[in-house]
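J.: The structure that follows is given in the form of structure tokens.
The values are calculated or read from the model by the stated rules, or taken from the named source; none is laboratory data. These numbers were taken from a predicted model, which means no experiment stands behind them. All Cβ positions, glycine included, derive from the backbone under ideal geometry; neighbour counts span all protein chains shown.
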Ligand code: NAI
Ligand code: MG
């Protein structure tokens, strides 16, 4: 099978880590029977300064018509608003209907330490982020309002995706033999005790979607947690979570919070996922403070490439990458400076490729 992958380095260290992702894909063992064709695509602040568009139409068209998936590095946003500039990744999510943001957070295995191995599945199209806001004057002063929109359709498809991810993670864990979770678990996050209509609809719809035979027969357990107590437990007992599914706003907050539980932003991958399409994207930004030094941690991007492969149904290739990355981290000999090591990006990549 040949997969066509769009490569969008973007700005800053995006240009250092995306080539690492490409090398990784090119270095997968031949026994996997997987070939890649790469398309170099452009987006970001530099692209905006050069062409006037942060997300050129050619990039969107190429992704839609000529790619099976993509890797996105990072983009810089100007610190104060620049006319005509808006975030290309937000625009891409809309244009390609990438309705889920998937963020796995996994700790390095070490003796005596608690293990964290969870994934947050965030709905990415609605909730408060529909951005329908207004401000009006009253005799007591201004009042601002925002719409929080929750639909059955979006809630159902995000919960279904969470269930599918739970099943697949279990499969990959079994293949890799490093499971901390005995069986798959999905935690539905909401605040329906207060917002009985909006979060209430999310909750009941997610419950229904996860009660189908496919998930029940697959052994997927389902629990619920109110978002505020969820934050408490996420920090106290992170090892208790496998897959977390949440509406947009809670998911945004939980996924950044969870990323803080493991050593460095340079470790945390993500994927923007739609129907039959996935863009892998490290969670970190363009890191201007370390760009050009060759010391960016490539692991977030390598894991993002694996995550993209998962959504393209290449689970075995993904499992190989995860195992190679975990082995590099567990040995702890070749680590980049953000993890307390002295290795260059190149050396970390080499070590991981060797372990594939
Ligand atoms: P950042 O994620 O770029 O950097 C935060 C800190 O983490 C820095 O000290 C950086 O050196 C370190 N870091 C990040 N990734 C690393 C890696 N792979 N290896 C080693 N160290 C790493 O966030 P910051 O500094 O707030 O933003 C910088 C620029 O990136 C801004 O223009 C911001 O708008 C943009 N940004 C873009 C994102 C995206 O494209 N999705 C996400 C976050 C920020
Ligand atoms: Mg965020």
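J.: Of the conditions (1) within 16 Å of ligand 2 (Cβ to nearest atom); (2) in a helix (DSSP H, G or I); (3) touching a helix residue (DSSP H, G or I) at 6+ places or on another chain (Cβ under 9 Å), residue 230 clears all except one; give me its number.
T.: (1)
J.: Residues in region 67-107 that are at pLDDT 95 or above and not in a loop (DSSP other than H, G, I, E, B): how many?
T.: Looking only at that region, the number is 12.
J.: Taking residue 13 as the residue in question, decide whether it is out of contact with any helix residue (DSSP H, G or I) (no Cβ under 8 Å at 6 or more places or on another chain), in contact (Cβ under 8 Å) with a residue 40 or more places away in the chain, over 18 Å from residue 93 (Cβ atoms) and surrounded by 20 or more Cβ atoms within 10 Å (Cβ to Cβ).
T.: It is true that residue 13 is out of contact with any helix residue (DSSP H, G or I) (no Cβ under 8 Å at 6 or more places or on another chain), in contact (Cβ under 8 Å) with a residue 40 or more places away in the chain, over 18 Å from residue 93 (Cβ atoms) and surrounded by 20 or more Cβ atoms within 10 Å (Cβ to Cβ).
J.: Could you list all residues from region 26-37 that are touching a residue at least 12 places away in the same chain (Cβ under 8 Å) and surrounded by fewer than 17 Cβ atoms within 10 Å (Cβ to Cβ)?
T.: Residues satisfying the conditions are 27, 29, 32, 33, 35, 36, 37.
J.: Would you say residue 21 is part of a helix (DSSP H, G or I), touching a strand residue (DSSP E or B) at 6+ places or on another chain (Cβ under 7 Å) and touching a residue at least 12 places away in the same chain (Cβ under 8 Å)?
T.: Spelling it out, residue 21 is indeed part of a helix (DSSP H, G or I), touching a strand residue (DSSP E or B) at 6+ places or on another chain (Cβ under 7 Å) and touching a residue at least 12 places away in the same chain (Cβ under 8 Å).
J.: Can you confirm whether residue 44 is buried (at least 24 other Cβ atoms within 10 Å of the Cβ), more than 18 Å from residue 277 (Cβ to Cβ) and in the same structural domain as residue 23 (by TED's automatic domain parsing)?
T.: yes
J.: I've got another one for you. Any idea which residue in region 253-279 is farthest from ligand 2 (Cβ to nearest atom), counting only those that are buried (at least 20 other Cβ atoms within 10 Å of the Cβ) and under 22 Å from residue 194 (Cβ atoms)?
T.: 254
J.: When you scan region 237-260, do you find a residue that is part of a helix (DSSP H, G or I), in contact with a strand residue (DSSP E or B) (Cβ under 6 Å, 6 or more places away or on another chain) and free of Cβ contacts under 8 Å to residues at least 60 places away in the same chain, even just one?
T.: Scanning region 237-260, I find no residue that is part of a helix (DSSP H, G or I), in contact with a strand residue (DSSP E or B) (Cβ under 6 Å, 6 or more places away or on another chain) and free of Cβ contacts under 8 Å to residues at least 60 places away in the same chain, so the answer is no.
J.: Does region 89-107 include one or more residues that are surrounded by fewer than 21 Cβ atoms within 10 Å (Cβ to Cβ) and over 27 Å from residue 48 (Cβ atoms)?
T.: Yes, region 89-107 has at least one match.
J.: Moving to a separate point now. Residues in region 270-277: is at least one in the same structural domain as residue 348 (by TED's automatic domain parsing), modelled with pLDDT under 95 and on the phi > 0 side of the Ramachandran plot?
T.: There is at least one residue in region 270-277 that is in the same structural domain as residue 348 (by TED's automatic domain parsing), modelled with pLDDT under 95 and on the phi > 0 side of the Ramachandran plot.
Listed here are the residues, each with its yes/no results for (1) surrounded by 20 or more Cβ atoms within 10 Å (Cβ to Cβ); (2) in contact (Cβ under 8 Å) with a residue 60 or more places away in the chain.
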| position | (1), (2) |
| --- | --- |
| 142 | no, no |
| 147 | no, no |
| 153 | no, no |
| 156 | no, no |
| 167 | no, no |
| 181 | no, yes |
| 184 | yes, no |
| 205 | yes, no |
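J.: Let me ask you something else. Tell me, yes or no, whether region 39-46 has at least one residue that is modelled with pLDDT of 95 or more, within 18 Å of residue 282 (Cα to Cα) and more than 16 Å from ligand 1 (Cβ to nearest atom).
T.: yes
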